[in-house]
Amino acid sequence: MIELHRVWKVFSVGPVKVPALSDISFRVAKGECVTLHGASGAGKTTLLRLLYREELPTEGDIEVLGCDVPALRVREVAALRRSIGVVFQDAKLLPGRTVYENVAFVLRVLGTPRREITPRVFDALRRVGLSARAQAYPAQLSQGEAQRAALARAIARKPLLLLADEPTGSLDESMAGEVIDIIKDIWARGTTVLFATHQARLAAALHQRTLHLLSGRLVKDEG
Amino acid sequence: MLGFLIGEALRDLHRAGRVAVAAILLTTLSLAALGGFWLVSTNVGQAAEQWRDRVRITVFLKQEPSAAETDELVDRVQAMPGVAAVRYVSKSEALGTLKEVLGKDASVAEQLPTNPLPASLEVMLNEQGATPEGARGLITRLSELPETDEVSGGMDWVDRLARGRRLLDVIGLGIGAVLAVAAILTVTTLVLHLRRQELEIMRLVGAPELVVRLPLLLQGMLQGLLGAVMAIWVLIAVYALAGPHLEPLVNQTLGLERLTFLKPHTVVGLMLAGTMLGGFGGWLARGRTAP
């Protein structure tokens, strides 16, 4: 499903080279749920961005869903991303659209037949417990609800892989727990999950394999 | 899908508020400037054409020919390339014309001991002769006639008028182009401002390129079309309000009885230009967001 071999990512800040990731290698099998744990600045976000080709590695090989990611052309990148769901710490909901419209939007732009959209949107909202908030606008949602709406948007298109970049970063404990439960549910239904967090307690809560990043290096692979 | 994409374009335009109005107004300004120059150029061109039709070359003769010589001379000139018609003006006819012109002072002419006016040929030009090159060639040929004393008239000032019109066209296009670039940049910025978050989501979920690009293109085209329609209304208003006041001046200087508005195909051209301008801005917007 995911395979990284000796991946380096170095950012240039003027003449200064700043390594964000150093010599990272690991594999994630289909159906696994893996937590990527590390403090802020450890390289979690950069690593996820490499997986959906928002960034290119400075060195090394990356394979996701059978694709040689760095070698993909623009059109192939779009095709790869159709199989990947991504959620962020800030939910990135479209402010002028309701929760329903936010979820439906991605289905519309991906050409989902019209008759399938409403059932799929409501199925996704039901799974994240937001059916009753379908007509609410993002500004009317709590942070936890916004994050659940973002998860609904990601799962409505049934991705093979879910990349979650600190989705609980700005949530209190109970809201974070709800999000973790939803992620567990998504994984239980067969989606491979890579969940990045700086909270060791949440990493442990998933009771799954955890990759520990420290200053851009993979220091431990446990579970 | 197309309905969804058009709906997206309209939705963003509605949401844009003042920014959309600014972009549309800038497009209006650029097209109104272009259309304004076009309007002036059209009227100057019409005056040039009108005067081109009235151009005469006068060939003053050394001496008055006999009737037979006159016929032979007229036939010879008539056969020259660029000549539409030739009229012989005798010395006495020229004097009669002078008296008509002098009106109540005609007695001055009657007191002359002899008629000092020369006989002449009035040469009217056809299409071939009514060009700067054609007129110059004809004047040369007429000057070489043994009967010719002097040749006057020609296309010089008509030519200057045509050059002035071309200059107006260049200035109009220049100003229009500068404003058009500003309009395109504004449309691009507006489109990006409006759809930044949608574009980010679209890119993240792997939306096909056409789906990303088409709303941007449609939105830009719609803004351009609105700008063009407004520019045409501005031109109509200016024409209706200022036209009656300008017509006496135009009549005295250019000899035009009425100012004419842009022709239908020019109006359609302006609308197409606006639509394409906006569409180009929308297209550029996608380029600026491409990964």
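The values are calculated or read from the model by the stated rules, or taken from the named source; none is laboratory data. The structure displayed is predicted, hence computed values, not measured ones. Positions of Cβ are generated from backbone atoms using ideal geometry, with glycine treated the same way; all protein chains shown enter the neighbour counts.
A residue that is of a type in the set (A, V, I, L, M) and either over 19 Å from A:His198 (Cβ atoms) or without any contact (Cβ under 8 Å) to a residue 24 or more places away in the chain (or both) cannot be found anywhere in the range A:44-51. Taking the range A:1-112 as the region of interest, none of the strands (runs of 3 or more DSSP E) fully inside it holds 2 or more residues being more than 27 Å from A:His212 (Cβ to Cβ).
Take the conditions closer than 24 Å to A:Arg153 by Cβ, assigned by TED's automatic domain parsing to the domain that holds B:Val44 and in contact with a helix residue (DSSP H, G or I) (Cβ under 9 Å, 6 or more places away or on another chain) and apply them to B:Leu185. Does it pass? Answer is no for this residue. Against the condition among the aliphatic types (A, V, I, L, M), surrounded by 20 or more Cβ atoms within 10 Å (Cβ to Cβ), farther than 26 Å from A:Glu3 by Cβ and touching a strand residue (DSSP E or B) at 6+ places or on another chain (Cβ under 9 Å), how does A:Ala146 come out, does it pass? No, not satisfied.
Screening B:Pro244 on (1) surrounded by 13 or more Cβ atoms within 10 Å (Cβ to Cβ); (2) modelled with pLDDT of 80 or more shows it passes everything except condition (1).
For the condition part of a strand (DSSP E or B) and in contact with a strand residue (DSSP E or B) (Cβ under 8 Å, 6 or more places away or on another chain), A:Lys184 does not qualify. The number of residues in the range A:30-83 that are more than 14 Å from chain B (Cβ to nearest Cβ) and among the aliphatic types (A, V, I, L, M) comes to 7. Applying a threshold of 9 Å to beta carbon distances and a minimum spacing of six or more residues, or different chains, the list of pairs starting in the range B:216-235 at a residue that is at positive phi and surrounded by fewer than 21 Cβ atoms within 10 Å (Cβ to Cβ) and ending at one that is modelled with pLDDT under 90 and not in a helix (DSSP H, G or I) is empty. For the range B:65-86, the tally of residues that are surrounded by fewer than 17 Cβ atoms within 10 Å (Cβ to Cβ) and touching a helix residue (DSSP H, G or I) at 6+ places or on another chain (Cβ under 8 Å) stands at 3. The sole residue among A:Val193, A:Val179 that is among the hydrophobic types (A, V, I, L, M, F, W, C) and not in a helix (DSSP H, G or I) is A:Val193. Exactly one residue out of B:Arg213, B:Arg196 is within 14 Å of chain A (Cβ to nearest Cβ), assigned to a helix (DSSP H, G or I) and touching a Gly at 6+ places or on another chain (Cβ under 9 Å), and it is B:Arg213. Among the residues of this structure, A:Gly129 does not count as one that is more than 14 Å from chain B (Cβ to nearest Cβ) and under 27 Å from A:Lys9 (Cα atoms). Inspect the range A:135-152 for any residue being in contact (Cβ under 8 Å) with a residue 60 or more places away in the chain, within 11 Å of chain B (Cβ to nearest Cβ) and either out of contact with any Pro (no Cβ under 8 Å at 6 or more places or on another chain) or not hydroxyl-bearing (Ser, Thr, Tyr) (or both) and give the result as yes or no. Yes, that holds for at least one residue.
Within the range B:99-156, the residues that satisfy the criterion of being of a type in the set (A, V, I, L, M, F, W, C) and in contact with a Leu (Cβ under 6 Å, 6 or more places away or on another chain) are B:Ala109, B:Leu117, B:Ala119, B:Val151. Kindly indicate whether A:Glu116 is within 14 Å of another protein chain (Cβ to nearest Cβ) and either of a type in the set (S, T, N, Q) or farther than 30 Å from A:Ala132 by Cβ (or both). Spelling it out, it is not the case that A:Glu116 is within 14 Å of another protein chain (Cβ to nearest Cβ) and either of a type in the set (S, T, N, Q) or farther than 30 Å from A:Ala132 by Cβ (or both).
Checking each residue in the range A:84-103 for being in contact with a Pro (Cβ under 9 Å, 6 or more places away or on another chain), surrounded by 17 or more Cβ atoms within 10 Å (Cβ to Cβ) and more than 7 Å from chain B (Cβ to nearest Cβ) picks out A:Ile84, A:Gly85, A:Val87, A:Phe88, A:Gln89, A:Ala91, A:Leu93, A:Arg97, A:Thr98, A:Val99, A:Asn102.
When A:Leu162 is tested against the conditions (1) more than 13 Å from chain B (Cβ to nearest Cβ); (2) in contact (Cβ under 8 Å) with a residue 60 or more places away in the chain, the lone failure is (1).
The residue of the range B:197-212 that is farthest from A:Pro95 (Cα to Cα), among those that are among the charged types (D, E, K, R) and in contact (Cβ under 8 Å) with a residue 40 or more places away in the chain, is B:Arg203.
For the residues B:Leu190, B:Leu249, the requirement of being more than 30 Å from A:Leu161 (Cβ to Cβ) and surrounded by 14 or more Cβ atoms within 10 Å (Cβ to Cβ) singles out B:Leu190. Do the conditions hold for B:Leu284, that is, is it in a loop (DSSP other than H, G, I, E, B) and surrounded by 13 or more Cβ atoms within 10 Å (Cβ to Cβ)? Here the answer is no, as B:Leu284 does not meet what is asked.
Criterion applied to A:Pro159, A:Pro138 was being of a type outside the set (A, V, I, L, M), over 13 Å from A:Tyr100 (Cα atoms) and at pLDDT 90 or above, and the one residue passing it is A:Pro159. Scanning the range B:170-212 for residues that are small (Gly, Ala, Ser) and at negative phi gives B:Gly172, B:Gly174, B:Gly176, B:Ala177, B:Ala180, B:Ala182, B:Ala183, B:Ala207.
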